[in-house]
Structure formats: C-alpha cells, structure tokens
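Q: One structure is given below, represented as structure tokens, and several questions about it will come after.
The values are calculated or read from the model by the stated rules, or taken from the named source; none is laboratory data. Since the model is a prediction, treat every value here as computed from it, not as a measurement. Every residue, glycine as well, gets a Cβ built from its backbone with ideal geometry; the counts of neighbours run over all protein chains shown.
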Amino acid sequence: MLISAPALYAILLLAVPLGAIFLFSFWTQDYLTLITTPTLANYQEAWNEPLYGLLLRRSLMISGAVTVATVLLAFPIAYFVSFHVRPERKSLWLFLITIPFWTSYLIRVFLWKVILGYNGVLNSGLSGLGLIDEPLTFILYNANAVVITLAHAFAPFAILPIFVALERIDRSLLEAGRDLGETKLMTFWRVTLPLAMPGVVAAVLIVFIPTIGDYVTPRLVGGPNGLMIANMIQTQFLKLNNAPMGAALAVVAMLFVSVIALGFVWLNRKFLRVKQ
Amino acid sequence: MSGPIISLSGVQKYYGDYHALRDIELDIAEGEFFSLLGPSGCGKTTLLRTIAGFEDASDGALMLSGRDMKGVPPNKRPTNMVFQSYAIFPHLNVAENVAFGLRKHGLSAAQKDAKVAEALAMVGLEGYGGRAAHALSGGQRQRVALARALVLQPKVLLLDEPLSALDKKMREQMQGELRRLQRQVGITFILVTHDQEEALIMSDRIAVMFEGRIAQVAAPQTLYRRPETSQVADFIGVMNFMPATAQMAGESVETEIAGLGKASLAPDQCPGGVATGAVHVGIRPEMISLVFEGEEVKAATAKTTVVEQYYYGDMTYYDVALEGVEKPITLSMKNIVGRPVLERGAPARIAWDPRALVLFSA
C-alpha cells in the first residue's frame, strides 16, 4: 500500500498523458467531431505527406547539431572545472555556470535575436571593427540560429553530467597511465575519455531528447526554414484543430527519439564497458 | 654489483612553506629490496613519487641508472609503480590492464598475449585475463597491478603501501610472495610502508624517515639491534629507555643504569656515537627474561614487581617496576611448557645481558 501513492502519482503524470496521446493518434478529426473508430489513417498521412518527413528530418538534423555542438563545447568546460579548479572553488564555478538560468528561457531566446539580428550586436560589432561590409544574414531566421540558441540554452545540462563523470575518475588512474609510458594526451585518450563516456552519453540524451521537441526557439529565431516537427504538432493541435494528427506526429517523433536514445544506451553498454 | 641504480643527493622538496623532503642522500643498489619506512607525513611517499617523476625535487639531483632525471616525465622513466589504490583501469579487463603499457613496444598481438599471460602467471593469476576489473578481490587487484608493472620490465619497481588495504592473513601471504617475486625477477623494489614489521620481514635495507629527513639506513637486523637514535629505536619494535650516566673507560663505556646497576658497553653498542654524562640506555623486551626458582643465571639480575601482564598466547608481556625507578620496563617471555604466567603484583627477578644494551645520547 505504501507504493500506491507514488505509483498513482507517476501514472497520473506520465502514463495517462502518454496513453491519451497514443489513443488519440488512432482516432480522426472531422471538423468539429472526433471520430473514435480506430484507424491508421493519421500514420498513413504522416508517411505520405512529404512536409512531415521534411520537418522530422530537419528536427533530427537540428537536434543532432545542437547535441554535437553542446557536448563538444561542454566537455572542455567540465574538464577545466574538474581538473584545473581548486576543489574548494568547484561549487562556486558550477554555481556561476547556472547563472544564465536565472533569466527566463523566453528572454534568453529574445536576447539571441538581439545578438544575432540584422542590426544586432554581432553584426554592428563586426562592421564597426571593419571586418564585414554588410550584415551577416546566415545567423538569424534559419536553422543556424536555432542551433546556436539551443546549444547555449542546454550547455549547463551537458556540463553537469560530464563534470560528474570526470569527478568520479580516480586521479591515480591518470598517474598510472603516465607511469605506464603514455603522454598526457594519450592518457586522456585511453583513460580519461573512456571513463567520461557515461557522462557524455548522459549529456547527449539530456540535450537531444528535449531539443527535438522544442518549438519556442524555432518559432522565434528559426524563420520559415528553421521550423521543426514540434511546431507542426503545435499547429495541428491548436490551429488546425486536428488533435489526432498532432498526436500521431508526436508518437512518430517519440518513436524516433526512443530508437536513437536506446541506440546510444546500447553503444555505451557494448563498447564502453565502464562499470563503477 | 656496479654503481647504484638510484642515487639521490641533496634532494629537497618544498610545498610552499612546507619542507617535505630535507637533504635526502641515498644510494640504492641494483637488485635490492629497499624500504622507505616512517610514520604518515614523514615524506616517504613524496620521495617515492619524486623517483617516479610525479613530483619534481625543488633542489638536488636524482640519478636513475646513471641518467639525471631532472625534467624527465614519468612516462620516460625506467620505473613503474604499484599504486596504493592499485589504480586498475575499470574500463579494461585484466589482460587489457596488463597490456596497457605494451602499446609502444612494437609487439605483434601474439607476442603481446604471450607476455601478458607470462606476467599473469608470475603473479599467480593464470587464466584471469578475461575477467572484468570490477570482479576482482583486493588481493587480485594488487596482483594485476604488479603484473601490469612487471610486464614492462622496469629497472625499478616502486610500491606505494601496496599491502595496507589487505586484511592481515592476505597481507602476510603477499609479503612472502612479493619477496619471492623480487628474487625471481631480480628487479630493484622500493617499498613504502608505515608498518615496521613489514619492512623488517621484506627488505634488504630500510631507510627510516621522520619529518622529511632520513634518520637511518640499514639492514633490518642492524636497524633493530643497533638503532642510531632513540627515535628510530622507538619506532621499530618496542624499546625500554632507562636513564643512565656514562663515562669512558678505555675503549668501552662504563654506565650506571637506574634500577639495573653497572654495565660496560662496547663501542658498537653506541651506534649513534659515544656519549658520556647523562645518557639513556635501551634494551628490547625479549632481551630481558624472568628468572624462575631453581634456574641458573649467568647474566646480571635485578629485583622487580609485576605491574601489568599482557597474555598474547604464544608470548606474555610484562611491565615490571625496578626498585627505586618510577617508570616500569617491558619484557616478554615465550610461553613454553611448564613456565608459569605471573600475575600482577607478584615479585619477579629479571635477568639481562649487557651485550643487548644500546646507548643513546640523552
């Protein structure tokens, strides 16, 4: 009976919404009436309509690029804090890293518009320095802007798990690597990096899974060519009044994310037998 | 034997204001089993890490098989280390751990496998190559760490308190095995330990360190019987210190020891140098014995009272008070058949041999 309260809580918050989406995806919408006869029509449309495929592919590409950029930028920061910051200063550094999060997500996205815009901070700065003649346009209202904005937004989520993995590495292992004849760089490659991989995989999942479902950033900075699958799902639910189609697209997106996430977990287990 | 394989001269190490190594002068011969012994914080591990290349000496020279090691990183030194934590790579299995350092040796896969198998056999882990690192016991981890270092055939093997994490039985077994292994491979072993018994059992020579300084370097028997300072004597085993007055009488030193009486000491009984006036004289507990009724005694005797008795099974230790001396002295007796164990408060006659005495300047 003790387990029932948390279980009920979990069911209400997780299983019921998921189940509802799943159920909806097999129904159809006929203008104002919801037809509850089970059908695969939504999935057929998702498969046949090229726009959905395009949006899904773009979402995967953008999320992938965000993930790669975020993790590659987060690793050196996590490494620096873990290996080069004095132990008593580490909490302070982690605290400072989270400071951008004190402002709302929406405000940060708008700030990126200010930075990346046609007359934005970046362009006026560069032209002021005489480095460019006319403003750069490839940095706002397209996929690049989405990648930059999301990579910045998710940086701490990538830094923290990598930092934790690095902190857990017994420093005598690195000395053992040196002692057994390897240079600092090779010791990093053969000891530090493999042992940090659980943190890297965690960071990949933490960044990849939410970014693929993000619709605020693409809406605000993505322009027409930066829209993602979640924008379409939102449109189906709120504008086209076609909840079943939106639900079907959501299920498809979740399926892709699950397959990719499981792939990462499997890779981690298979090739990086790190057991603590 | 050619010149020393390791030679340290005037080595100093500072951490900020803290003087961790003071004026280290030390030569270690090839093939020697050498121990650095001392209480925690005495600098023994710093000295070992300086030899390995993890610490740079602030001053002085370190020669390793004739080469100056100044600025040489650990990966370029002919030393390998067994770490206190063993530092077994958790992402590699046993064979991969042992083969870690062989990458640059230009061996074929088959040659590498053969070397790894040979090293594992040497430490008694045949067939463990495929084991995951986390599936090993403490003793097995230590053997893997040994194999991983020995497979590279270093000139010097450095061991940083390798037995401190093992339980007593395992530790005693490994002490014997390490000694046997060292004789078998003939490599110079340098062992860091705070356990004086371990150092005595295993080493050819021992350097005793206090507060960054080497107090004495000697073979185990010399160290035990003829410690140069009272600090060394006190750290190695148990030593009774008794106040005495000393004066020269030709070659020998005549002493008057509180509670024991007169004794004449030969020059070799003053390993720290001859001293006169107010001194201390030391004697080990096993060099004093109780005299039971009917026993014939050749040595000098004294009257005492048993203050405390400690029964160990094979031995009994007694604290006995000499007449007119406040501080009791400790003696030990083997519990052989027919020998009684005295109770507290019992009168006891003790016998001691003046040849067992050591003189320390006060």
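Q: Among (1) closer than 20 Å to A:Arg171 by Cβ; (2) of a type in the set (Lys, Arg); (3) surrounded by fewer than 20 Cβ atoms within 10 Å (Cβ to Cβ), where does B:Arg77 come up short?
A: With (1) closer than 20 Å to A:Arg171 by Cβ; (2) of a type in the set (Lys, Arg); (3) surrounded by fewer than 20 Cβ atoms within 10 Å (Cβ to Cβ) applied to B:Arg77, the lone miss is (3).
One line per residue, one yes/no per condition, for (1) under 30 Å from A:Ser258 (Cβ atoms); (2) in contact (Cβ under 8 Å) with a residue 24 or more places away in the chain; (3) of a type in the set (A, V, I, L, M, F, W, C):
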| site | (1), (2), (3) |
| --- | --- |
| A:Ile115 | no, no, yes |
| A:Glu134 | no, no, no |
| A:Thr137 | no, no, no |
| A:Ala151 | yes, yes, yes |
| A:Val164 | yes, yes, yes |
| A:Arg171 | no, no, no |
| A:Ala196 | yes, yes, yes |
| A:Ala203 | yes, yes, yes |
| A:Leu220 | yes, yes, yes |
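Q: Quick check: anything in region A:28-50 buried (at least 18 other Cβ atoms within 10 Å of the Cβ) and not in a helix (DSSP H, G or I)?
A: Checked against the condition, which is being buried (at least 18 other Cβ atoms within 10 Å of the Cβ) and not in a helix (DSSP H, G or I), region A:28-50 yields at least one hit.
Q: Can you tell me how many residues within region A:190-209 are over 26 Å from A:Leu255 (Cβ atoms) and away from chain B (no Cβ under 11 Å)?
A: So the count comes out to 1.
Q: Picking from B:Ala249, B:Ala199, B:Ala219, B:Ala207, which residue would you name as being touching a residue at least 12 places away in the same chain (Cβ under 8 Å) and outside the structural domain of B:Gln173 (by TED's automatic domain parsing)?
A: Among B:Ala249, B:Ala199, B:Ala219, B:Ala207, only B:Ala249 is touching a residue at least 12 places away in the same chain (Cβ under 8 Å) and outside the structural domain of B:Gln173 (by TED's automatic domain parsing).
Q: Failed condition for B:Thr255, given (1) out of contact with any helix residue (DSSP H, G or I) (no Cβ under 7 Å at 6 or more places or on another chain); (2) among the β-branched types (Val, Ile, Thr); (3) closer than 30 Å to B:Tyr14 by Cβ, with all others met?
A: It is condition (3) that B:Thr255 fails.
Q: Can you find a residue in region A:75-84 that is assigned to a loop (DSSP other than H, G, I, E, B) and surrounded by 13 or more Cβ atoms within 10 Å (Cβ to Cβ)?
A: No, region A:75-84 has no match at all.
Q: A further question on this structure: Restricting to region B:233-256, name every residue that is farther than 18 Å from B:Glu286 by Cβ and surrounded by 19 or more Cβ atoms within 10 Å (Cβ to Cβ).
A: Within region B:233-256, B:Ala244, B:Ala246, B:Val253, B:Thr255 qualify.
Q: Do you know which residues across region A:111-154 are surrounded by 13 or more Cβ atoms within 10 Å (Cβ to Cβ), under 23 Å from A:Met61 (Cα atoms) and aromatic (Phe, Trp, Tyr)?
A: A:Trp112, A:Tyr141, A:Phe154
Q: Residues in region B:165-190 that are within 14 Å of another protein chain (Cβ to nearest Cβ) and either hydroxyl-bearing (Ser, Thr, Tyr) or surrounded by fewer than 23 Cβ atoms within 10 Å (Cβ to Cβ) (or both): how many?
A: Selection size over region B:165-190: 1.
Q: Only residues that are more than 9 Å from chain A (Cβ to nearest Cβ) and small (Gly, Ala, Ser): list them for region B:69-94, please.
A: Hit for region B:69-94 is B:Gly71, nothing else.
Q: From A:Ser258, A:Ser172, grab the single residue that is hydroxyl-bearing (Ser, Thr, Tyr) and within 14 Å of chain B (Cβ to nearest Cβ).
A: After applying the criteria, what remains is A:Ser172.
Q: Right, next: Which of the following residues is at pLDDT 95 or above, among the small types (Gly, Ala, Ser) and farther than 28 Å from B:Gly3 by Cβ: B:Ala109, B:Ala95?
A: B:Ala95
Q: So A:Gln44 passes all but one of these: (1) over 26 Å from the mean Cα position of the chain (by Cα); (2) closer than 17 Å to A:Ala230 by Cβ. Which condition number does it fail?
A: (2)
Q: Out of all the residues in region B:342-362, which are assigned to a loop (DSSP other than H, G, I, E, B) and either basic (Lys, Arg) or surrounded by 12 or more Cβ atoms within 10 Å (Cβ to Cβ) (or both)?
A: Listed by number, the residues that qualify are B:Leu342, B:Arg344, B:Ala346, B:Asp353, B:Leu357, B:Ala362.
Q: Looking at region B:92-189, what helices (runs of 4 or more DSSP H) fall wholly within it and have at least 1 residues that are among the polar types (S, T, N, Q) and free of Cβ contacts under 8 Å to residues at least 40 places away in the same chain?
A: Qualifying helices (runs of 4 or more DSSP H): B:109-122, B:138-150, B:168-185.
Q: Filter region A:175-189 down to residues that are surrounded by fewer than 24 Cβ atoms within 10 Å (Cβ to Cβ) and not charged (D, E, K, R) and give me whichever is farthest from the other protein chains (Cβ to nearest Cβ).
A: Once the filter is applied, the top-ranked residue is A:Phe188.
Q: Turning to a different aspect of this structure: Hey, which of the strands (runs of 3 or more DSSP E) in region B:1-48, taking only ones fully inside, have at least 2 residues that are among the polar types (S, T, N, Q) and under 19 Å from the mean Cα position of the chain (by Cα)?
A: none
Q: While we're on this one: So B:Asp56 passes all but one of these: (1) modelled with pLDDT of 95 or more; (2) more than 9 Å from chain A (Cβ to nearest Cβ); (3) outside any helix (DSSP H, G or I). Which condition number does it fail?
A: Unmet condition: (1).
Q: From the list B:Ala133, B:Ala110, exactly one residue is more than 30 Å from B:Glu197 (Cβ to Cβ), more than 9 Å from chain A (Cβ to nearest Cβ) and among the aliphatic types (A, V, I, L, M). Which is it?
A: None of the other options fit; the residue is B:Ala110.
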